[in-house]
Every structure is written in structure tokens, then in C-alpha cells.
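What follows is a short report on a single structure.
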Amino acid sequence: MIHPEIRSAAGSRRLPEHALAEAMSLALALPGLEVVGGEVVRLPKPHAGHLFGTGKLAELKERLDAEEIDLVLVDGPVTPVQQRNLEKEWGVKLLDRTGLILEIFADRARTREGVLQVELAALSYQRTRLVRAWTHLERQRGGLGFVGGPGETQIEADRRAIDEQMVRLRRQLAKVVKTRELHRAARRKVPFPIVALVGYTNAGKSTLFNRMTGAAVMAKDMLFATLDPTMRGITLPSGRKVIMSDTVGFISDLPHELVAAFRATLEEVLEADLILHVRDISHPETEEQAADVGDILESLGVDEDVSLIEVWNKIDALGPATREALLVQDARRADVQAVSALTGEGLEALLAAIEARLGEERLDETLSLPFSAGRARAWLHEQNVVRAERQTKTGWDFDVNWTETQRQRFRAL
């Protein structure tokens, strides 16, 4: 595993050593790989053709030959030309960060939607790599007729085949997403609040989810153990029922192909009444990880009005002094709950905090709006409070189920 640290690049949130450790964990998450070692390679700037300079290129080749390496992983972007040249120079197979994450996702996806999304992302990635996949670009298929043009090159034919496959996948995915939307619509008719768990990969979301719901979602000390969203109902101490959703873990520099492909999966977060941001508080870069999660939530368009509780997980992994200081902070902040999903410590307080945030009673009402109140009608649907809608001669009648806060916001419109 090689982590290129480029000095000329914009400042990163992370120390290169921690970035390398995360990359090594990514590699270990892929079954069948034996990770021999890792190295941070500092570069003044990336070499256009080979990424690394001549001296470093030769030095790494010696080490790869000596250890009989078959696969080199580069924790960063590698252009198709650089990939082709490095593979030729070193005589190995090479994957960049995007390729590695795609391999992990392809291995883990289980639901129909997850599989389709991974296939779509992989095709999008492969489309840019055709330059290295074909060395016979001069070969061309003949055109139609006796005096036709030279026809299309092999690379153009392959690109067209990929484009056609992507269109088919998007159609299939649209059907799956439509089914998920129908399921969400059905849940809206049952006025149970949705609590979504989000957080950096390996923060302990699935362990916490299992502890709170009694489910058996795969939970391992491994990056991207959970890919497919899982939902379960739980009953709070007061007897109130809520729906809890476990989501895919976030990661820094997530390939843009996957951000787009997994948007539908993460839409469960957009539907949430309360977000639990689970943090591995024992991780040396927990603040940087939290900032990355915040950036992704913002890019998803999560409304700032949605309540959020920070769940500081893995307090069992802290030393006594650090743990004591952290619990003092926890006591002072209403938006923070310190827990150990592994031992169950702090879960009663977390459930009480969830109860308090969702504590507003929901009210059933019937409203009437004129046709001119299109903005107010759109707001009601955005808030998912409409249980039934009927058109009248002068406008619409609505049956709504909402909180007092939502009622006040509506009146302010």
C-alpha cells in the first residue's frame, strides 16, 4: 500500500501516517488480500506519466521484485495513463483508492439496489479506464458498404457497450428506487418518527444498531462492514415506537461515482426526524472524521432544522483520565451522548435523549387551502405530514399529522 503525500496539494485534514493506516484497513477489508506492508511516499508534485519520479520508481520496483508483490494499492487518484505505465514498469496489477473501494463495495452489496448501484459506479469508473484496457487502438472495424469510412475503433465500441449497459442499469435502479419510495410513503402513513444512524465507517453504527434494536446486522471491526440500509422498529422507555435506520459508513475522499450511486441509499437520512451522528471517540482523528461526515450531510442536502445528537461511541477504549474528561463534557452538552455500544454503557441516557428530542406529541388535523397557496401545499408535502389530500372546487383539503412546532412553522408561512 502506497500513500502519496503531495506537498503541492491543498492542505489535508489528516496526517499522512493516519491516512496510510486507514488505507491499510481498507485493504484488509477485502477478502483474499495479504497486505505485506505500507509506505508514505512524499512527492513535491505528481509526475504526469508515472506519478512517481524516476528514482522513487526504480527504488519501489526493487522492493516489489524482492518481496514478489502481485498487487500495488495507491491511496489516491491515479490517472489511466499513470496506471498503465506503472503496471508496465513494475510488472504488477495496480488499483487506486477508487478502484479499491469499488472492489469492497462489490464484495459487500447484498440488496438488489446495492448491487445495481455498485455495478453502475464500477461501469462509470471503467469507462474512463478504457485507455489502458486496450493496446490495439489502431485496429478498426470496417464501415458499412464498399466505400464506407474506417468504422469505429475498438475503444469506441467498448465505450458504447458500457454506455448501453449503464442505461439499462439506470432503468432497473429507477424501478428499485420507486419501490423504496412506495415503502417510505407507506411508513409516512404510520406516524412513527425515523431515527437515522450516520457516521464515519467503522465508528460502531451497526454494533449500536444491533444493541438498540436486537437485530443481527453484520458488525465487524472492519471498514464498510455495512453497505445496505437496514430499518427496524424499536420501543422507547415511554412505550413510544420509532423506526431506526442503519446506513452505509462515510469516508474521506469517497469516489464521486459512489457518492452519486449511493445517493438513493442515503436518502433515508433525508427522511429522518432525528439523526444520530455516531463517532469513534477513541480514534486519533475523530474530529477530522466528524468534519468529513458533516461535509457529506451538507452535500446530501440534510436540512439544518433536523435534530442531531452526537453519539460519542467506544468510550470503553479510552484511558481512565481521557474517559473522565469526556464524560464531564457529555454532562454539559445536551446534544452529546457518550456510550459504549459494545458494553451497553450510556444507552439508557441515549434512549432518554432520543425521547426528549422526539418528545413533541403529534396532532391530527384537517386543513383547507386555496389554489393560490401552492407554496404552503408544497411545504406540507416536504415535511411529510400529509396523510390524505382531496381537491375541492376552491382548493385542497388535507388530513395532516404533525407536531406543534411544525404547526407554528406552517402558520408563519
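The values are calculated or read from the model by the stated rules, or taken from the named source; none is laboratory data. Quick caveat, the model's predicted, so the values are computed rather than measured. FYI the Cβ positions are ideal-geometry reconstructions off the backbone, even for glycines, and counts take in every protein chain you see.
At a glance:
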| read-out | value |
| --- | --- |
| Lone unmet requirement of (1) farther than 18 Å from Ala203 by Cα; (2) among the aliphatic types (A, V, I, L, M); (3) assigned by TED's automatic domain parsing to the domain that holds Met212; (4) modelled with pLDDT of 90 or more for Leu367 | (3) |
| Top-ranked residue of the stretch 144-174 - restricted to ones that are at pLDDT below 85 and closer than 24 Å to Met231 by Cα, ranked as surrounded by the fewest Cβ atoms within 10 Å (Cβ to Cβ) | Ala174 |
| Criterion violated by Ile281 - all others in (1) among the aliphatic types (A, V, I, L, M); (2) over 21 Å from the mean Cα position of the chain (by Cα); (3) modelled with pLDDT of 80 or more satisfied | (2) |
| Conditions (1) surrounded by 16 or more Cβ atoms within 10 Å (Cβ to Cβ); (2) on the phi > 0 side of the Ramachandran plot; number of the one not met by Asp330 | (2) |
| Residue among Lys56, Lys61, Lys88 that is in a helix (DSSP H, G or I), in contact with a helix residue (DSSP H, G or I) (Cβ under 8 Å, 6 or more places away or on another chain), farther than 30 Å from Leu169 by Cβ and among the basic types (Lys, Arg) | Lys61 |
| Residue check for Ala317: in contact with a strand residue (DSSP E or B) (Cβ under 7 Å, 6 or more places away or on another chain), at negative phi, in the same structural domain as Thr213 (by TED's automatic domain parsing) and surrounded by 12 or more Cβ atoms within 10 Å (Cβ to Cβ) | no |
| Matching option when the condition is outside any loop (DSSP other than H, G, I, E, B), more than 16 Å from Leu274 (Cα to Cα) and either outside the structural domain of Asn401 (by TED's automatic domain parsing) or not charged (D, E, K, R) (or both), among Ala331, Ala352 | Ala331 |
| Count of the stretch 363-399 residues which are within 23 Å of Glu271 (Cβ to Cβ), without any contact (Cβ under 8 Å) to a residue 40 or more places away in the chain and part of a loop (DSSP other than H, G, I, E, B) | 2 |
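For every residue, the table says whether it meets (1) modelled with pLDDT of 85 or more; (2) of a type in the set (S, T, N, Q); (3) assigned by TED's automatic domain parsing to the domain that holds Ile296; (4) crowded, with 18+ Cβ neighbours inside 10 Å.
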site	(1), (2), (3), (4)
Thr179	no, yes, no, no
Gly199	yes, no, yes, yes
Lys205	yes, no, yes, yes
Leu208	yes, no, yes, yes
Gly214	no, no, yes, no
Leu223	no, no, yes, yes
Asp228	no, no, yes, yes
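So that you can scan it fast, the table gives a plain yes or no per residue for (1) surrounded by fewer than 16 Cβ atoms within 10 Å (Cβ to Cβ); (2) in the same structural domain as Leu123 (by TED's automatic domain parsing); (3) touching a residue at least 40 places away in the same chain (Cβ under 8 Å); (4) within 21 Å of the chain's Cα centre (by Cα):
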position: Leu26; (1), (2), (3), (4): no, no, yes, yes
position: Val36; (1), (2), (3), (4): yes, no, no, no
position: Pro44; (1), (2), (3), (4): yes, no, no, no
position: Gly53; (1), (2), (3), (4): yes, no, no, no
position: Lys56; (1), (2), (3), (4): no, no, no, no
position: Ala66; (1), (2), (3), (4): yes, no, no, no
position: Arg84; (1), (2), (3), (4): no, no, yes, no
